[in-house]
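Notes follow once the structure below has been shown.
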Amino acid sequence: MSGNDDHITRGMQEYIDKSNTYLAERATYIDETVKNWKFDTIAVHGLYSVTDALKDYQGSIIEPIFMSTSQAYNDSDEMAAALAYKIPTWCYSRIANPSTYYYEWTLALLEGYGFDGTTSCCSTSSGMAAIMTAVQPFLKILTKAGEPRNFVATAQCYGGTFQQFSIRLMQERDIECRWVKDATNLDEWASKIDKNTRFLYGELPSNPQLGFFDIEAVADLAHSHDLPLICDSTVATPALLRPICHGADIVVQSVTKSLTSSGFGICGAVIARKNLVSNIDDEALKEDFSLAVKYLQNRDFGPNLHPMQAVMTLNDMRTIRSKMDLMSRNTEKVAEYLVGHPGIESVQYLGLKSHPHHELASRYMWLVDAEFDDQYNRPVNRYGHLMSFCVKGGVEKTRKFFDNLQRIWRATDLGRIKSVATIPAISTHQQQGEEGRALAGIPANMVRLCVGAEHPTDIIADLDQALHAAKNA
């Protein structure tokens, strides 16, 4: 993106011309080479090439970790061009760093896999920072009549998202969040949009209720009002769902979760298609949202990602397709077992045909490239690692069950290679209160379970013994 056009010296112009040549060559490499790769190849290599390694990084096969705060420049002309954002730069790691660069390009390419247009990515220090990064630019301009700005969002969402929207934005900044209770009801979405609406926001599958909605229909509705659709696709990852391919403008990822299954650190990302739809008069923002928020908004707010975490996460993401396949299959077996258990009141998992959103989710959630996999040789639905269930006997029995888990970890985390469970009403969604939990459909006896890569027989055995202990308590 461009900075100030004044006072461009001959030396600066030489650097700009050289950078333009590099950017053109990179675009050609992406379009003619990288976009012809299968998903797994992109996940393994991203934009890091043998040419990069031999030219700049002493042949390192793995992306180097650049533990450096800033970049040195050849002269004043290069520095001036860089700080005016006329050329690519690692000027300061709060803004950009070579390690985060490769992380961002990998995510941009994975979320854009199968999309005809171009995607870009801005890394963040967490999923919550990613949400803030995604929504803030659309809320910066006041309405002409001084009326409150608003946005429309699914009530079924992560507790931290609920807090950011209801407390940080609504209570503290008088920006109204209009909650959609039934995200499958397009009329409910439409009824909440007016001239002061800035964007539509939806989480799918939602955490922990497994809410879902018709992405294409909601995107079409948003675009008919010149509004962008922002989707939180953390639970699915691009291995199972890529909302941009279905009309969404922006995707937020708490990369901490499913994409970083090791649990080694916190990180997030915002991935956007270029030339997105918005009623905000900001051409740079619409042309390349991710780059605009990186170089302007996040430069000043500072929700940057550490280069060490960027490279550790890259290594986790390389096998995301196979991991999401395995954990999805494990979760489906666990869900099917719990459906018939006498100690269970209800089971929520999109892979169950009994789930009210199963048919809708089956239209969107597919294991990427399964048709090219010798194991399947055909398209295959996969529904992710997250499920929830309600224990019979109310709160007391639910806690007894929870406290007796032995193999499954009791924690608020999700998307781990190890199975993890929590009670949302006392953890991830505690702060939104009883009224907020009722709005989102989170009863006190609900348990959220994210099944990992263990053998499902062992997870089922642990669930069974814990349910048995609760029954006899």
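The values are calculated or read from the model by the stated rules, or taken from the named source; none is laboratory data. Remember, predicted model here, so these are calculated numbers, not experimental data. Positions of Cβ are backbone-derived with ideal geometry, glycine not excepted, and every protein chain shown enters the neighbour counts.
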Of all helices (runs of 4 or more DSSP H) fully inside the range 234-344, the set with 2 or more residues that are modelled with pLDDT of 95 or more and buried (at least 24 other Cβ atoms within 10 Å of the Cβ) is 289-292, 307-317, 320-339
Quick one: is Glu336 over 20 Å from Pro208 (Cβ atoms), free of Cβ contacts under 8 Å to residues at least 24 places away in the same chain and charged (D, E, K, R)? no
Options Ala444, Ala453; residue that is touching a helix residue (DSSP H, G or I) at 6+ places or on another chain (Cβ under 6 Å), small (Gly, Ala, Ser) and within 17 Å of Glu332 (Cβ to Cβ): Ala453
Residue that is in the same structural domain as Ser166 (by TED's automatic domain parsing), out of contact with any Pro (no Cβ under 7 Å at 6 or more places or on another chain) and modelled with pLDDT under 95, where the choices are Ala145, Ala84: Ala145
Given (1) more than 18 Å from the chain's Cα centre (by Cα); (2) buried (at least 19 other Cβ atoms within 10 Å of the Cβ); (3) of a type in the set (Ser, Thr, Tyr), where does Ser224 come up short, assuming only one miss? (2)
When the residues of the range 382-397 are narrowed to those that are surrounded by 16 or more Cβ atoms within 10 Å (Cβ to Cβ) and without any contact (Cβ under 8 Å) to a residue 60 or more places away in the chain, which ends up farthest from Tyr337 (Cα to Cα)? Lys392
Go through (1) polar (S, T, N, Q); (2) over 23 Å from Ile423 (Cα atoms); (3) crowded, with 23+ Cβ neighbours inside 10 Å and name the single condition Gln156 misses. (2)
When both residues are 6+ apart or on different chains and their Cβ atoms are under 8 Å apart, which pairs have a first residue that lies in the range 341-356 and is touching a residue at least 12 places away in the same chain (Cβ under 8 Å) and small (Gly, Ala, Ser), and a second that is part of a loop (DSSP other than H, G, I, E, B) and crowded, with 22+ Cβ neighbours inside 10 Å? Gly351/Arg382; Gly351/Tyr383
Which residue pairs have Cβ atoms under 6 Å apart, sit 6 or more places apart or on different chains, and have a first residue in the range 244-259 that is farther than 18 Å from Phe289 by Cβ and a second that is at pLDDT below 95 and not hydrophobic (A, V, I, L, M, F, W, C)? Lys257/Gly415; Ser258/Gly415
Restrict the check to the range 121-144 and report whether at least one residue is in contact with an Asp or Glu (Cβ under 7 Å, 6 or more places away or on another chain) and surrounded by fewer than 18 Cβ atoms within 10 Å (Cβ to Cβ). no
For the range 179-194, which positions are touching a residue at least 24 places away in the same chain (Cβ under 8 Å) and within 18 Å of His223 (Cβ to Cβ)? Val180, Ala183, Leu186, Trp189, Ala190, Lys192, Ile193, Asp194
Before we move on, is Ala438 assigned to a loop (DSSP other than H, G, I, E, B) and either under 27 Å from the mean Cα position of the chain (by Cα) or not assigned by TED's automatic domain parsing to the domain that holds Val347 (or both)? no
Looking only at the range 376-412, which residues are assigned to a loop (DSSP other than H, G, I, E, B) and touching a Cys at 6+ places or on another chain (Cβ under 8 Å)? His385
